[in-house]
Amino acid sequence: MKSNQARLNTGNVVPLLGFGTYSCTYDYETTQKAIYMAIKMGYRHFDTAKIYGSEPALGKAVREAISDGLVDREHIFVTSKLWSSDHHDPVSALHHSLQNLGMEYVDLYLVHWPVRFKKWTDYPIPNEEDFEDLDLKATWAGMEKCLQLGLCKAIGVSNFSTKKLQYLLDFASIYPAVNQVEMHPMWRQNKMRKFCEDYKIHVSAYMPLGGPGNFWGSTFVIKDPIILSIAKKHKVTPAQVALRWGMQKGVSVIVKSFNEGRMRENYGAINLKLDDNDMVNIEKMVEIKIMRGDHLINTTTSPYRTIEQLWDYEI
Ligand SMILES: NC(=O)c1ccc[n+]([C@@H]2O[C@H](COP(=O)([O-])OP(=O)(O)OC[C@H]3O[C@@H](n4cnc5c(N)ncnc54)[C@H](OP(=O)(O)O)[C@@H]3O)[C@@H](O)[C@H]2O)c1
């Protein structure tokens, strides 16, 4: 295994530098071109989800790269996610994602959020009447079936607290391989990473830059004076510092850029090495959870009446 990879509890390896494919101004052509360019640059780990709408563009870009001889399917790691309206039937949902992708399997299939919506809720922001009771045992049984059928090489979750992971571990026949959560120098997930290390669950970091330029994100991370001074010291960019910090913590970082220059810049984070001082200084940064999940809170139908309940007070 190379130093820029991690091993999952399935035995398979995952590249630590991942490429996010979610853009709120989704455009098939732009997404497909960016992914093809990313493969050419050396990115080998791609993150999508049914709700992002980017599965067809990702599939097309990978197929094109394979037919152009740039890469083999075995050397590309693809993650997709079960949307909350599909908890009643993960197997059919994954079949549908595979059809979108034009692939026989994904490397990782995640439960996107610990919430369950009615079947018609094919949009990211639910209405009050869209919530259903979460039945995690039934959902996870469906996820395990996906693995047994060979539709995916690993299963996992996303946006789970350690408390929800513990509940899952209490009944799971197959442990999750991954928990994908928000993580960056201002939301360091120390408790989560310790828990996951103990149970051999790989942590994957979404929004590793804090999502600068996104309406849900912030420039807090890449404008923080500690990050800026480390970047200056190593003659690199703040984004490279943030990404490298995540990789040095052993997590895979899922960064999104469809801009050639920034894609190259982010890829360059692989070659950076932060020293102990840098790592200690980053621990001093204030912590702020940027993606709080407010859209999943209501006092009538959601299982979560408050943000604290959604994250089990780990916020
Ligand atoms: N599991 C979940 O619930 C969940 C939630 C959120 C996200 N995700 C995944 O994580 C991926 C990344 O999340 P994200 O987009 O929210 O956060 P992010 O990767 O931290 O930030 C992306 C934003 O930063 C800009 N950017 C990229 N590289 C940059 C650089 N070097 N310098 C300055 N700005 C830069 C991008 O714009 P340009 O494209 O213009 O460069 C984009 O607006 C998503 O695509 C998705 O795959 C998962």
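The values are calculated or read from the model by the stated rules, or taken from the named source; none is laboratory data. Please read all numbers here as calculations on a predicted model, not as lab measurements. As a convention, Cβ positions derive from the backbone with ideal geometry for all residues, glycine included, and neighbour counts pool all protein chains shown.
One table, with the values for the structure above:
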item: Members of segment 27-51 found to be assigned to a helix (DSSP H, G or I) and either closer than 16 Å to G102 by Cβ or of a type in the set (A, V, I, L, M) (or both), listed by number; result: Y28, T31, Q32, A34, I35, Y36, M37, A38, I39, M41, K50, I51
item: Any chance F215 is aromatic (F, W, Y), closer than 20 Å to Y52 by Cβ and touching a residue at least 60 places away in the same chain (Cβ under 8 Å); result: yes
item: Residue in segment 153-174 that is among the hydroxyl-bearing types (S, T, Y), crowded, with 21+ Cβ neighbours inside 10 Å and in contact with a Cys (Cβ under 6 Å, 6 or more places away or on another chain) present; result: no
item: Count of residues meeting criterion [touching a Ser or Thr at 6+ places or on another chain (Cβ under 8 Å) and either more than 30 Å from R44 (Cβ to Cβ) or not charged (D, E, K, R) (or both)] in segment 128-149; result: 4
item: Residue check, E74 over 18 Å from L136 (Cα atoms), more than 16 Å from the ligand (Cβ to nearest atom) and part of a helix (DSSP H, G or I); result: yes
item: Test result for G59, more than 26 Å from L149 (Cα to Cα) and either at pLDDT below 95 or out of contact with any Pro (no Cβ under 7 Å at 6 or more places or on another chain) (or both); result: no
item: Meets criteria (of a type in the set (A, V, I, L, M) and under 17 Å from the mean Cα position of the chain (by Cα)) for L108; result: yes
item: Residue in segment 116-128 that is crowded, with 21+ Cβ neighbours inside 10 Å, within 21 Å of H295 (Cβ to Cβ) and among the basic types (K, R) present; result: yes
item: Qualifying positions in segment 264-281 - surrounded by fewer than 19 Cβ atoms within 10 Å (Cβ to Cβ) and touching a residue at least 24 places away in the same chain (Cβ under 8 Å); result: R264, E265, G268, I270, K273, M279, N281
item: Test for K284: is it of a type in the set (D, E, K, R), crowded, with 19+ Cβ neighbours inside 10 Å and closer than 30 Å to T306 by Cβ; result: no
item: Residues that are under 19 Å from the mean Cα position of the chain (by Cα) and of a type in the set (A, V, I, L, M), drawn from segment 131-146; result: M143
item: Subset of segment 1-32 (residues that are among the small types (G, A, S) and within 11 Å of the ligand (Cβ to nearest atom)); result: G18, G20, S23
item: Sole exception among (1) out of contact with any helix residue (DSSP H, G or I) (no Cβ under 6 Å at 6 or more places or on another chain); (2) within 16 Å of S97 (Cβ to Cβ); (3) part of a loop (DSSP other than H, G, I, E, B) for Y22, by number; result: (1)
item: Tabulated pairs, segment 88-113, first farther than 21 Å from T10 by Cα, second within 14 Å of the ligand (Cβ to nearest atom), C-beta under 6 angstrom, 6+ apart or interchain; result: A93/L82; S97/K50; S97/E55; S97/S80; N100/E55; L101/E55; W113/S84; W113/N159
item: In segment 144-158, the residues that are in contact with a Phe, Trp or Tyr (Cβ under 7 Å, 6 or more places away or on another chain) and among the hydrophobic types (A, V, I, L, M, F, W, C); result: C146, L151, C152, I155
item: Unique match (being touching a Cys at 6+ places or on another chain (Cβ under 9 Å) and of a type outside the set (A, V, I, L, M, F, W, C)) among P90, P56; result: P90
item: Criterion: within 12 Å of the ligand (Cβ to nearest atom), of a type in the set (V, I, T) and touching a Ser or Thr at 6+ places or on another chain (Cβ under 7 Å) - qualifying residue of I35, I51; result: I35
